Structures are given as C-alpha cells and as structure tokens.
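Asker: Dropping the structure in here first, questions after.
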Amino acid sequence: MDPVLLVASIMVSATPILLAALGEMVVEKAGVLNLGVEGMMITGAVVGFAAAVSTGSPVVGFLAAALASAVLSLSFGFLTQVLLSNQVATGLGLTLVGLGLSALVGAGFEGVRAPGMGKLWIPGLAEIPVIGPMFFRHDFMVYVSLLLVAGVWAFLKYTRAGLILRAVGEDHESAHALGYKVVRVRLAAIFFGGACAGLGGAYVSLVRVPQWTEGMTAGAGWIALAIVVFASWRPLGVLIGAYLFGGVTVLQLNLQAAGAKVPVELLSMSPYLITILVLVIISARGVHGAPGSLGRSFHASA
Amino acid sequence: MIRLEKRPQPSRLWTIVTPLLAVVLTMVVGGIMFALLGKPPLEAIRTIFWDPLFHPQFASYSRPQLLVKAGPLILIAIGLSIGFKAGIWNIGAEGQYIMGAVTGAAVGLAFYPSESVLLFPLMVIAGALGGWAWAMIPAVLKTKLGTNEILVSLMLVYVAENILASASASWLRSPEGMGFPGSRNFKQWPAVHNDELIANTGMHWGVVCAFIAVIAAYVLMARHIQGFNIRLTGEAPRAARFSGVTPARIVFLCLGISGALAGMAGLFEVTGPAGQITIDFNSGYGFTAIIVAFLGRLNPVGILLAGLLMALTYIGGELAQLMLGLPGASIQLFQGMLLFFLLATDVFTNYRIRFAKGELA
Amino acid sequence: MATLLSIRGLTKAYPGVVANDDVSFDIGKGEIHALLGENGAGKSTLVKMIFGLVKPDAGEMALDGAAYAPAKPSDARRSGVAMVFQHFSLFEALDVAENVALGMENPPRPRDLARQIREVSETYGLPLDPTRTVGTLSAGERQRVEIIRCLLQNPRLLIMDEPTSVLTPQEVDILFQTLNKLRAEGTSILYISHKLEEIRALCDEATILRLGKNVGTCTPREVTARQMAELMVGSSFNAPEARAGEKGEVLLRTDKLSLPAPGAFGTPLREVSLEVRAGEVLGIAGVAGNGQDELLMALSGERLAPAGTIFFKGQDVSRLGPIGRRDAGLLSGPEERLGHAAAPNMSLTENAVLTGARREGLVQGGFIDWGKSKAFAEKVIERFDVRTPGPGTAARALSGGNLQKFVVGREILQSPDVFVVNQPTWGVDAAAAAAIRQALLDLAAKGAAIIVISQDLDELMEISDRFAALNEGRLSPARAVAELDIEKIGLMMGGAHDMEVAHVDG
C-alpha cells in the first residue's frame, strides 16, 4: 500500500465525520444534545447530490446541503428550545425523519454519477515530494473542513460570542440571569451544527462514494457523536478523533480489497467496534469537559 | 409572542389528546406531502389508514398482517418504554432483535431435524437470552465505566447486522440452499414453525407474548415496587438513590428486559413471518418500536394501540405503494413525522400556552 | 441627601399571587439602603424589576432624575446598576476572568482584565486570582467574583441579595468593610436581608416588605430589632418551647469517617467523628459547600462508608444502604426538597412510598398497597398542616414551606430513633419554620436523637443542645451551646487552622 495514497485517502475518509462532529461539538458546547446528526447528514447527502447533479456544480451542491440540513435542524431547535421537548427523543425523531425524507427525495437519483470535483493544488506546497500529494492536492472541502476546525477553535477561545456560547452551555440559568438570550444562542448553534452535518453528508455523496444510495451515511452521524465525546469537547480533539477514525475505515477497506484472511463482516464491523472501544476508554478515564447544562431543557421562569 | 407556563401537574386530558392530535397533524402534513408528490392526498390517506382493514379486495389479506406487524413492534416497544421511563436510552433494540433471532435460530438448527416439542420453547428462551446478552454489553459498560448507553447500543446494531450477514452467508447457511445465502426455512420444519394459532388472524406466539407483555408491564409499572423504582429513577435520580434504589440494578433490569423482549420478538419473527435467517429479515422494527413507545406515551395500553396504528401504516404504506405508486420511503417519513408532531404537541401536557407580549429568552 | 433611585408604585402580579403591590421608596446617593422582609415577601421580585429581569405591571422608576425602565439586565448595567445575586450567576467550569467578562458590557482585552481584577481586589481587600477555575473556589470567594464583576463597572447602585448567607462571621466583617468603603466613595447600595442585627450594624435606611407591600421605612440605628421584626412578620408565632431532660445512651456515632468527594466540585469528608444521644439535638453549622450534603449522604446510606466508621446503637451500619438503615431506625431528610427528598413530578402518595415503603408496611410481597400509601400521605398532610388539594397533587405543585413540612413530617411520622436533617427550614416562611423546629424538638423529647445540619446560626442556637461546625469536610468537636458566643462559633466555622485574614486599605 502506497503511504502517500493512504494518507490522502484517510483525509478524504475523515472529512465527513470531521465536519459533522465539529458542528455537533459547537451544539453541545451550547448545552444542546442533538442526536439527529445521522438524519441531518443523510439529508445533506441527498440534497447536496440532487443540487449538484441538477446544476452540475458541486459548490452549489454543498451550499444547498448545508442550507437544507440547517433548516431541518431548526425543526429540532424549535421543538427542543421553544416547545421544550425531550432532546434525546427529538434527536432520534430527527434521524428517522431525515432517513425517510432522504429516501423519498433520492429515489430518482439512484445510479446517477455526481459531477466531478476538481483538486485544488495548494500553490508551492503541492509540488513538495511526498508531502505535497499527501496533504496539498485535495478537493476544496478538505481545506474548508480544516479551516473550520481552526475557526471554531479561535471562535470559542478568543471571541466574546464564543465565551457567551460556552457560558450558555455551562449553566443556562446563570447565563439567563446575566441577560444572555439562551434560546437564541442555542438556536444559532443548532443551525450551525445542522449546516456542518449537511456539508459532511454532501461530502459522502459527492466525493467519497460518489453517488447516491439509500442510507449511505451508515452510522457516520452516530460516530460523529462518539467523536465529540472522545474529543472532550475540544476542536483539536475532534480533528484527531475524525482522522483516527478515517484511518481505521481506510485500513479496513484496504484489507477487504486485498482479500485478507479475515471475514469481511469482521472488517466491516470494525469501525463500530473501535468506536465502542474508544468510548469505553474515554469513560474509563473519566469524562472531562462535558458542558454543565448538556441535554437539559431551559425554561425561563419569571 | 407565545409564552409557556408550567402546569402544577401534567394535564390528564392532554396526555390522551396529544397522540390523537399528532396523528391528525401527520395526516394533514402527510396529505400535503402526497399532493406535492402528485398523488391524490385524500385517497392516499384512505389507502393507508382505511383500506388495509376495510378494502373489499385486499382487506382479507391485509387484516391478519395487522397483528403480524404489530406483535414485534409492541413486544419491543414495551421493553423500551420501561427503560425510557427510567431515563435509560436503549436505542439499539434493532441489534438485540437481530441477535435474538440469530441465537434462537442457531440453537434450533443445532438440533435439526428434531421434532421434539421442547425445541421451540428452547429456541424462544435462547432468543430471549441472545437479545438479553446483547443488551448487557451497554449495561455493563454503563454501570462499570459510565459509558454512554445510547451510542454503544446503537453501534452494536451495526455490529449485529454484520453478524447477521455472516450467519446468513456462512455459518447458518442452509446446506440444501444450493449456495444461496439464508438459513433453512423454519416454515418447512413443523416442530419449530411459529405458525398462525388461529387461521387468518395473524395471531402467532409472538403476538400472544406481546399481549402478555402489555399486561405484565402494566402490573409492573402500576403496582410493583420495582416499577415504582424504575419510574422514580427516571423522574428524580437523586431521590431514587435517597430512597434506596441502586442505579446499576435499574440499568441491568431495564436493559435486560428490553433486550430479552426484543430478542424474543426476533426469534418469533424468524421462525414465523420471515421464515428464515436472511441478511435483511429484520425490517427495522427495532427502530420503529421507538416511535411506538413514545406514541403510546410509554404506557402499556397506549403502546398496544400505538403498535396497532403503526402496523396499520406499514400495511397501508405497502398498499399505497401497490395501488398509487407511492414511494416506499414516504411511509418512513410519515412515521418519523408522527413522532415529531407528538413531541411537539407534548408541550400542552406540561405547559399552558399563553399569548402575551414577551421576549424570547 | 440627594436621591439616586426613586421607586414609585411598582406592581407585579403572577398567577395567583401579587408579588409586589404598589411599592414606593427612595435610595439616596452614597446610602446603604436595606430591603427587609421574610422569604416570599417580594424582595426578589422587586430587585429583579430594578435590574431589568422582570418587567413591572405598573409603576415607574427614576435614576438620578431621569426615567429608568430597564428592559434587560444589560440596560440596567449601562445605567450604572449592578447586582450580586444570592444564588451566584457563575459558571463553575470557566475561570474567574471569564466569569467577570461575562458580567460586563464591554470587557477589556483578557490581559487588561486580569490586571484590573487584581487591582480592584487589592483596593477593596478581596483577594482573588483571575486564572482560578470558579468551581474550585469557596462560597465566599465566589461572592468576591460577583462583587468584583460589579465593581469593575463603577456602578452607581450596587444591589446585594442576601450576601452574608454564605459567609462566616469573619468574612462578613471583611464584606462590611468593603461596603463601607464603597459608601464613602459615593456608591449607593441596596442591601437585601432578613437578618436584623446585620442591618442595624450596616444600613442607613431600611424599607420593609410584607406580602408584597411596603409596610414602612425606618432608620435601623434608631429602632430596635424587635420593632423591625414586628413590621416584618406582622403577627407573632410560637417560638419553640425550651425543654430540659436527661440525655440517654449514644444512638449514633461516627468514628473518623472519611469519604472522597462525590464529584469534581464536591467536598471530601475528613475524619468526621461525632456522637448523638437519645433525646439530644446536635446542631452542625457551616458555610454552604463545606460537606453538609456529603455528610448527609454518608449518614443516610446513599454513599456507603468504609466499614467501622458509622455505628447505630452500637452496630456497624457503615456498609448498609438507605433501606437497611431505615429498617434499623436511622432516617434522614436531605436539603434539596425537589429532586432529592421528593420526586417533583410524582404525587404526594408516591412520595410517601419513597421512604415509607417498609417502615409503614406500604409494600407487601413486592406489590404496593396504594390505599395504605394514600392513607399515610394523608396522615402526614393532616398532622403537619400541609396546605395542598390532596395526596394526588404533584410534589412540585406545593410551595417550598408546605413541601418541606411534608418531607420532614414523612420521616418524623415513621418514628425514627435517629433523624438526620439538612437545612430543615431553608426557604420556608416563619410560621412553617417554627412548626418544623417544634416538631424536631418534640421528636427529641420522645427520646430520638437528632442531627440538624443548617446554615442558619439562629436556628441552631435555638434548638441544639450541642453544636459543631463543618469546614472543608472536617467537623469540629461538639460543644454545649450554653458555652458558646458568636466569636467562638465564627472560629469553629472558619476552621481555626487556616484562617485567611484579609485587610482593607484605607
């Protein structure tokens, strides 16, 4: 196996989960547990695919996917933040709705090929031997995802808005007492998380596969949720987690292709087993950094 | 601007009204969706909700299907509802359902071609144990290490699906199947065939078990101290510990019950309506049962009704696919919307809505 | 003295209760103005209106002559009104500087802010490290964060809601020096409290609220505490009867009981040794967060203790859970009514089963006898005068005082041999508090041993025979109440081993 190709394909394989997990991390930092990542990803996958095929432009596809999933996530936001429904149940509902919706929308797109995405060679860096083809000859979304990681990190650490978002997630009662708009902050975070999940989903259908099949995200959204825990709610941790996971996926696919003497089913289930393993290790170490108000409904009383 | 005012206690009336309201809203929005798909909305709604029971031509076929589909949904949802009451979110029932089916079938096939009357009960027990054991994985991890049961139970669904694929393709494959994937057909093996108990009713052992589970769950939750402890744990975990409830024991109890019931449902399905272990014998009942549990307000009787309603949408959906060319996925969306509307209208149960000037917090 | 804030006719009604009814008064410049009243008199609502958290139904305010109607707290802050909350609006996982920044309208850059925090904390004698995580601070230090947050905005009016309820007497002295310094600089302070002596020592003027109405304004130094108390309470209530009597054998004893902290921000118990005899009330004082909750959980059996540390009637019960200890006769009542002592959404009947299941025989062969359970709940309601429509009512529908009467009554009616209770009258109106204290004394008179953990010193002095204090999870040796004065108590509460003495410049 060519190490250059390996690294390059790990980056591609990790990008969807990276995007989704980064968005979910921001949502959870604001104190909201949205279990509907899978549903938003699959919606992004189908809408992005449909838009890209119809217009011939992957960029339009990504934008449409982000918008569609963000709008869908607002339904979750409305239910949990305004109507105060249970976040766990509503997140599950969002996933079920997303799966159904995507199957419905995508029925006409089975077997169609997505328009190709050009590779963006980073000037100067792409020509470096070995390093260049590994890291600097990817499609633009890979760079967008990395920039987003840096952006979210800086936002949370250095900006006042980021501080307010963290405060809302830590203790919504106190944030409210100080006059911050808990519900609005959370809706904004949910919207961002939805957009990120949509981008991640569209990356699966437009770049990774690239075509549309029903249920094609195959649990990536759930893995993204696990990665947020793994990352202890830190952007850099999300990056590491997503790339580790991308590595495992690529390795098992390569082993399958190489006809390794391991049952195919064992290889296919390995990403999920490893996710469980990671969750176990993290929890054994003791979960650190979970926002204080995570998953709790906020109702301003008097 | 609307303002919510918490009720001193949940409204009894709204507890009953919200599921009905959710059904009506789903019909309205579903109708609009069908119209957008270019299908006649009223006819589609009628095909889904009415025709399976009363259509002169199809009803005789589809009526028994109601119990066939409702049986596993109710059985699984009853188990899930007990855990949800305690705040234990087992969303991997699909995996427990698959593992119950695979374990039970494997035990049965080990005795092929025995005609012992003990074999079927043995398989049911094995199925329950298979589901139970699969649910014990998240239970042990949660109690010993504090690992999140939502993610673990869900990841285990994907693992179970791969085990099912492997069972169907290799180690449970029928030696007489000419190399095709899939186990021996239980329908051709009278000792273990979970056949209809009364012809043309769809009533099989799984449905009987589902009814028993409804009654047992009702008694457990309403009268027994363990049911009280389960509810208490969900309502106020600290108060439960103060009362003397051991949280770990509740986790094992709840995940154990739901795993065993889902495993049994899988075994009944594979020896009955499905007939054999195949890579896709499971039709997502484990996930739909989550909707059933919520739609039934986590109440055993409610779940019985919700299971029947959800079964109706399955059959109606197939019928609509056949007669109107409605896409199969639309029924999945339909079910998802039902859950969404239920959660949305649930606000009326716990809050009064006031229309007043005010600001969004 | 020139008027800073003038309040005219403020009225605010909630469904079923008028929180403030036509309240008017003035706060002068450079004045410390007390707002006095019992729990539920409407102090919090009034203050929330001044701070822009609640909008009045009627009435108006003027700040320095200009109309003042803050729609949100940031409006209030911009106008120069700052507030220190009773329950701090702090974020445990964030550091001091971040917490301060969140309470400011236009915080400076982080480095400048840290410098300013150090400056202000030195000027006013409130030592504080800007980089510390708030979750690791004591209650007194947390209050400093709130105060510094306010002071950095150079407020014209500083509102303080029950600031001394979390402080040791020594810390109270430091706070008063800070407040006097602020007054000298011309800052007005609205000081909310129900502690009369404190108000007499500190405040220039006092406005007294009862049932939402302004029932009088006075100059605290010129009237007696008794006069203020009469205004505040309105009617008299029964003070607990003094009792005498021989104390019996030791019923509960702990021997160097140590337990690690339950969570990241909990307090470990360190070698807690105590004993309590039949017929005796042992009072345990301490500032919030010094291990009160942890001690109760260790004694109730919610957290098991190492073998050989807790003895009930001579038997080692350290490894018994709540059910085993209850069976033996050791009962308890946690501080948090909703969520710990009672399940908020469950009915009173169900909440009666919560602890009464076995001692009252409400469960037979695993099945709950709902009829009997309801009868037990009704008995508690009747004997403890719990105001509620009936035993089917959800616990959260009850007022704090009524629910407290229910959860305390639930345990007392089970005739415990030992009863451990944390904050039995917290947030309860005076009449209910007196009833609960009387019930505790009656129980002791019948030969039970009682441990009362409380942050209300007056309460402890009133009902305890002996007195001890918790500080950072350590329990001082118990002393007879008769030997104590406020100075000694303060030293016990402060954990005399590591007193931090801060001084104020100027």
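Quick note: the coordinates plus some simple rules give every number you see, no bench work behind them. Predicted model only: the values in this text are computed from it and were never measured. Glycine gets a Cβ as well: all are built from the backbone with ideal geometry, and neighbour counts include every protein chain shown.
Asker: Would you mind telling me the antiparallel percentage of the DSSP bridges in the protein assembly as shown, rounded to 5?
Answerer: So the antiparallel bridges amount to about 55 percent of the total.
Asker: Order these by the 10 Å Cβ neighbour count, fewest first: C:205, B:269.
Answerer: Listing C:205, B:269 from fewest to most nearby Cβ atoms yields C:205, B:269.
Asker: Let me ask something else about it. Using a 10 Å cut-off around each Cβ, can you sort C:310, A:42, B:76, A:164 from fewest to most neighbouring Cβ atoms? Don't skip to the end; give the middle numbers.
Answerer: Details: C:310 25, A:42 31, B:76 34, A:164 19.
Ranked by crowding around the Cβ, least crowded first: A:164, C:310, A:42, B:76.
Asker: Full-extension gain between residue A:144 and residue A:257, please, as 0.36 nm times their residue separation minus the C-alpha to C-alpha distance.
Answerer: Contour length minus Cα-Cα distance gives 37.7 nm.
Asker: Please build a GNM for chain A, connecting alpha carbons under 10 Å apart, and tell me which residue among A:92, A:104, A:239 fluctuates the most.
Answerer: A:104
Asker: Can you work out the Karplus-derived ³J(HN,Hα) for every residue in the range A:240-251? Use 6.51 cos²θ - 1.76 cosθ + 1.60 with θ = phi - 60°, whole Hz, and x for glycine or proline.
Answerer: After applying 6.51 cos²θ - 1.76 cosθ + 1.60, I find 4, x, 5, 6, 4, 5, x, x, 4, 4, 5, 4 Hz.
Asker: Can I ask one more? So which of A:29/C:48; C:313/C:405; C:55/C:181; B:85/B:187; C:213/C:405 end up more than 30 Å apart by C-alpha?
Answerer: C:55/C:181; B:85/B:187
Asker: Explain nothing, just the number: dipole magnitude of the range C:3-233 about its Cα centre with +1 on each Lys and Arg Cβ and -1 on each Asp and Glu Cβ, in debye rounded to the nearest 20.
Answerer: On the way: 26 positive and 30 negative charges, 66 e Å.
Charge dipole of the range C:3-233: 320 debye, to the nearest 20.
Asker: In the calculated pair distance distribution of the range B:65-308, what percentage of Cα-Cα distances lie above 23 Å?
Answerer: Cα-Cα pairs in the range B:65-308 separated by more than 23 Å: 46 percent.
Asker: Still on this structure, please answer the following. Looking only at other chains, what is the average number of their beta-carbon atoms within 10 angstrom of each beta-carbon in C:394-401?
Answerer: Counting other chains' Cβ atoms within 10 Å and averaging over C:394-401 gives 2.
Asker: If you place +1 on the Cβ of every Lys and Arg, -1 on the Cβ of every Asp and Glu, and leave all else neutral, what size is the dipole of chain C about its Cα centre, to the nearest 20 Debye? Before the final figure, lay out the partial values.
Answerer: Working: 54 positive and 66 negative charges, 205 e Å.
That gives chain C a dipole magnitude of about 980 debye.
Asker: Compare the Cα positions of C:62, C:430, B:11 along the charge dipole of the protein assembly as shown (+1 at Cβ of Lys, Arg; -1 at Cβ of Asp, Glu; about the Cα centre) and return the one farthest towards the positive end.
Answerer: The one lying farthest along the dipole's positive direction is B:11.
Asker: Using θ = phi - 60° and the Karplus form 6.51 cos²θ - 1.76 cosθ + 1.60, what ³J(HN,Hα) does each residue of the range C:449-454 get, whole Hz, x for Gly and Pro?
Answerer: Running phi through 6.51 cos²θ - 1.76 cosθ + 1.60 with θ = phi - 60° gives 9, 10, 10, 10, 9, 8 Hz.
Asker: Still on this model: Pop the C-beta distance of residue B:54 and residue A:59 into the FRET formula with R0 = 60 Å and round what comes out to the nearest 0.05.
Answerer: 0.70
Asker: Give the long-range amide H neighbours of residue C:332: residues separated by 5 or more places, or on another chain, with amide H under 5 Å away, using H modelled in the peptide plane at 1.01 Å from N.
Answerer: C:420
Asker: Placing +1 on the Cβ of each Lys and Arg and -1 on the Cβ of each Asp and Glu in the range B:65-308, which of B:191, B:275, B:147 has its Cα farthest towards the positive end of the resulting dipole?
Answerer: Projecting each Cα onto the dipole axis, the largest value belongs to B:147.
Asker: Okay, next question. Using 1/(1 + (r/R0)^6) with R0 = 22 angstrom and r between the beta carbons of residue B:46 and residue A:214, what's the FRET efficiency to the nearest 0.05?
Answerer: The computed FRET efficiency comes out at 0.20.
Asker: While we're on this one: When you look at the Cβ of every residue in C:361-369, what mean number of other chain Cβ atoms sits within 10 Å?
Answerer: 3
Asker: What ³J(HN,Hα) values, in whole Hz, does the Karplus curve 6.51 cos²θ - 1.76 cosθ + 1.60 give for the range B:264-271 when θ = phi - 60°, with x put for Gly and Pro?
Answerer: Along the range B:264-271, the couplings run 4, 4, x, 5, 4, 5, 6, 8 Hz.
Asker: Just to be sure I understand the model, the point goes 7 Å from the Cα along the line to the Cβ. What's the resulting residue C:136 to residue A:4 distance in nm?
Answerer: 4.9 nm
Asker: Taking the Cβ-Cβ separation of residue B:118 and residue B:279 as r and a Förster radius of 35 Å, what is the calculated FRET efficiency to the nearest 0.05? Walk me through the numbers on the way to the answer.
Answerer: Values: r = 30 Å, r/R0 = 0.85.
Between residue B:118 and residue B:279 the formula returns 0.75.
Asker: About its Cα centre, what dipole magnitude does the protein assembly as shown give when the only charges are +1 on Lys and Arg Cβ and -1 on Asp and Glu Cβ, stated in debye to the nearest 20? Show your work: numbers first, answer last.
Answerer: Values: 92 positive and 94 negative charges, 318 e Å.
For this selection, approximately 1520 debye.
Asker: Under the rule that an exposed site lies in a DSSP loop and has at most 13 other Cβ atoms within 10 Å, name the longest stretch of chain C with no trypsin sites (Lys or Arg not before Pro) of that kind, not counting the sites themselves.
Answerer: The reported range is C:1-242.
Asker: Only helical DSSP H runs with n ≥ 4 go in: add -39500 (n - 2.57) per run for chain C, normalise by residue count and round the 222 nm mean residue ellipticity to 500 deg cm²/dmol.
Answerer: Details: 16 runs with 163 residues, N = 506.
Theoretical 222 nm ellipticity from helices: -9500 deg cm²/dmol.
Asker: A further question follows. If amide hydrogens are placed 1.01 Å from N in the peptide plane, which non-local residues have theirs closer than 5 Å to the one on residue C:13?
Answerer: Under 5 Å from the amide H of residue C:13 lie the amide H atoms of C:19, C:57, each far enough along the sequence or on another chain.
Asker: Additional query: Considering amide H positions built from the backbone, and no H for Pro or chain starts, which residues 5 or more places from residue A:120, or on another chain, come under 5 Å of its amide H?
Answerer: Residues meeting the criterion, in which the H sits 1.01 Å from N, are A:138, A:139, A:140.
Asker: Right, here's the next one. Which residue, B:175, A:88, B:138, has the largest displacement toward the positive end of the dipole of the protein assembly as shown when charges sit on each Cβ (Lys, Arg +1; Asp, Glu -1)?
Answerer: The residue sitting farthest along the positive end of the dipole is B:175.
Asker: Something else about it: Packing-wise, with mean Cβ within 10 Å as the measure, how do B:198-211, B:297-310, B:112-125, A:189-202 rank, highest first? Please list the in-between numbers first.
Answerer: Working: B:198-211: 18.1, B:297-310: 22.0, B:112-125: 15.5, A:189-202: 30.2.
Per-residue mean Cβ counts within 10 Å order the peptides as A:189-202, B:297-310, B:198-211, B:112-125.
Asker: For C:246, A:24, A:173, C:105, what's the fewest-to-most ordering of other Cβ within 10 Å of each Cβ?
Answerer: Ranked by crowding around the Cβ, least crowded first: C:246, C:105, A:173, A:24.
Asker: Hey, rough spin-label estimate for residue B:216 and residue A:281, points 7 angstrom out along Cα→Cβ, what's it come to in nanometres?
Answerer: For the pair residue B:216/residue A:281, the computed spacing is 4.0 nm.
Asker: Give the average, rounded to an integer, of partner chain Cβ atoms located within 10 angstrom of each Cβ in B:221-229.
Answerer: Counting Cβ atoms of other protein chains within 10 Å of each residue's Cβ and averaging gives 4.
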